[in-house]
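Enquirer: Handing you a structure now.
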Amino acid sequence: MGCDVSSPIAGTIGPAAGVLGPQSWDQGPASHQGYRVATLDSVADLEPQSWNRLVLAAQGSVFHSHQWLSAFEEAGPGTFQAAHLAAYDGPRLIGLCPAFLTHRCPRLEHLVSLARSVRLELGGPVLLAHNLAALAGGFLVEPGHEAAISVLAEAFEHEAARLGAWAWGFASLPESPLVGRLIRSGYAVAQISTTYRLEVRWPDAGSYWADMDSRHRRRLLRERRKGSGRGLRAWTGAAPSDAGLPLVRELMTAHRTPLEILPDAFLRALDSHLGDLERSVMAQTGDGRLRGVFKGWLFGDVWSVWIAGLDLEALNRYEPYHALMAEAAESAIGAGIGVVDLGRSNGPIKQRYGASGHPLYLAVRAHSPADQALLHAWCADLERATLDGVEGPERCC
């Protein structure tokens with residue numbers, strides 16, 4: 001463990017000191033007494049069962065899990081060091097903020113390059129909670145300990161100053177009161193992508209299809225039959241890495257997505273650490289060739305489908321994407337899964353299958369007022385690019 005700080009956190013953390021303190025969060029100082037925050041140099045500093053117990057209790061996702069963060073620490077894209085925060089009520093773990101001091105991140109660099117009206121140059125490392133590869137970020141606290149969010153927020157800013165971060169912030173925040181509080185506290189905020197979630201509410205697959213708009217149902221089933229009539233079969237299980245990885249690379253190249261955002265070592269680390277959680281969808285033809293894959297994991301009752309790979313030459317003949325989508329929906333219903341997070345991009349098709357869009361935000365803050373003004377201008381550019389349909393490095397994942 002890096003250090004241990006008792007709450008309330010004392011003062012001098014630079015110009016932004018206290019911006020998310022008790023007053024900003026409408027919490028009295030007394031409500032923070034008794035909480036303790038520790039910084040962790042690695043997720044390995046905490047035992048996996050305790051970490052994941054908190055993630056599940058706080059309704060977190062696989063991207064906050066001990067396994068995901070272990071894989072990211074091992075081989076995540078870029079150059080970074082772990083700087084996680086853990087909050088305690090006495091001996092009990094009641095809050096987490098996974099974070100990385102990011103010296104270089106291909107996804108962040110790509111977002112910087114999307115600016116149209118402002119030239120942004122990162123003046124040093126950025127402390128991010130936690131990374132842009134995930135579909136979820138931000139704080140997690142156990143129900144009944146919401147006041148600990150203020151403590152974690154102050155500790156996070158304290159860590160940014162202690163580690164010499166040029167800026168700090170939150171990646172892939174879902175829409176929540178936290179986003180509004182960050183805006184009111186002076187953070188520069190932009191919607192950078194949208195993830196599409198299918199809330200599973202049907203008792204069986206027949207009810208799912210019957211509940212769909214008739215025009216969409218006819219079209220989607222026709223596309224599915226196109227593949228099945230030519231021997232395409234879709235199923236759920238563990239995706240073979242050696243066969244799936246080339247399809248992921250093919251789709252990334254077609255969409256001009258920088259390959260360095262998903263290095264082979266990272267994908268293999270995910271396989272190694274999340275093997276017990278894997279729930280992927282594959283589509284294969286009778287000749288044994290894999291034509292499509294949705295890579296994902298089941299954590300709690302949320303199935304996160306994180307990345308796609310497709311044999312692009314087979315698209316028109318077999319329509320593997322539709323086979324994968326239909327299998328994902330039907331198998332989730334059959335397994336009693338609560339939510340399928342279908343990931344980013346391809347929103348119109350995912351919505352036809354019943355998913356709804358949920359924005360993901362980036363919130364950042366710098367010590368210098370001049371740098372902060374620049375971050376606001378940059379975020380405004382990112383927001384316009386998102387609304388105009390210009391997709392970032394999440395185009396296929």
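Enquirer: Can you report the number of residues in the stretch 224-250 which are in contact (Cβ under 8 Å) with a residue 40 or more places away in the chain and part of a helix (DSSP H, G or I)?
Expert: Result for the stretch 224-250: 12.
Conditions tested, residue by residue: (1) in contact (Cβ under 8 Å) with a residue 60 or more places away in the chain; (2) of a type in the set (S, T, N, Q); (3) touching a Cys at 6+ places or on another chain (Cβ under 6 Å); (4) open to solvent by 10 Å² or more (accessible area, probe 1.4 Å).
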| residue | (1), (2), (3), (4) |
| --- | --- |
| Asp89 | no, no, no, yes |
| Pro98 | no, no, no, no |
| Arg104 | no, no, no, yes |
| Arg107 | yes, no, no, no |
| Ser117 | yes, yes, no, yes |
| Pro125 | no, no, no, yes |
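Enquirer: Something else now. Look at Arg224 and say whether it is surrounded by 17 or more Cβ atoms within 10 Å (Cβ to Cβ), among the basic types (Lys, Arg) and under 16 Å from the mean Cα position of the chain (by Cα).
Expert: So Arg224 fails the test.
Enquirer: When the stretch 184-216 is examined, which residues are found to be assigned to a helix (DSSP H, G or I) and either open to solvent by less than 60 Å² (accessible area, probe 1.4 Å) or modelled with pLDDT under 95 (or both)?
Expert: Arg184, Ala205, Gly206, Ser207, Tyr208, Trp209, Ser214, Arg215, His216
Enquirer: Considering only the stretch 38-147, give the helices (runs of 4 or more DSSP H) lying wholly within it that have at least 2 residues that are of a type in the set (Gly, Ala, Ser).
Expert: So the answer is 48-57, 66-75.
Enquirer: Filtering the stretch 35-49 down to residues that are closer than 15 Å to Arg92 by Cα and open to solvent by less than 50 Å² (accessible area, probe 1.4 Å), which residue is modelled with the lowest pLDDT?
Expert: The extreme case among them is Tyr35.
Enquirer: Here are Ala234, Ala188, Ala136: which of them is under 23 Å from the mean Cα position of the chain (by Cα), over 30 Å from Trp51 (Cβ atoms) and small (Gly, Ala, Ser)?
Expert: Within the list Ala234, Ala188, Ala136, the selection yields Ala188.
The values are calculated or read from the model by the stated rules, or taken from the named source; none is laboratory data. Bear in mind the structure is a predicted one, so any value in this text is a computation, not a measurement. Here the Cβ is made from the backbone with ideal geometry for all residues, glycine too, and neighbour counts use every protein chain on show. Quick note on the areas: whole protein, heavy atoms, side chains included, nothing else; ligands and nucleic acids left out. Shrake-Rupley method; radii C 1.70, N 1.55, O 1.52, S 1.80 Å.
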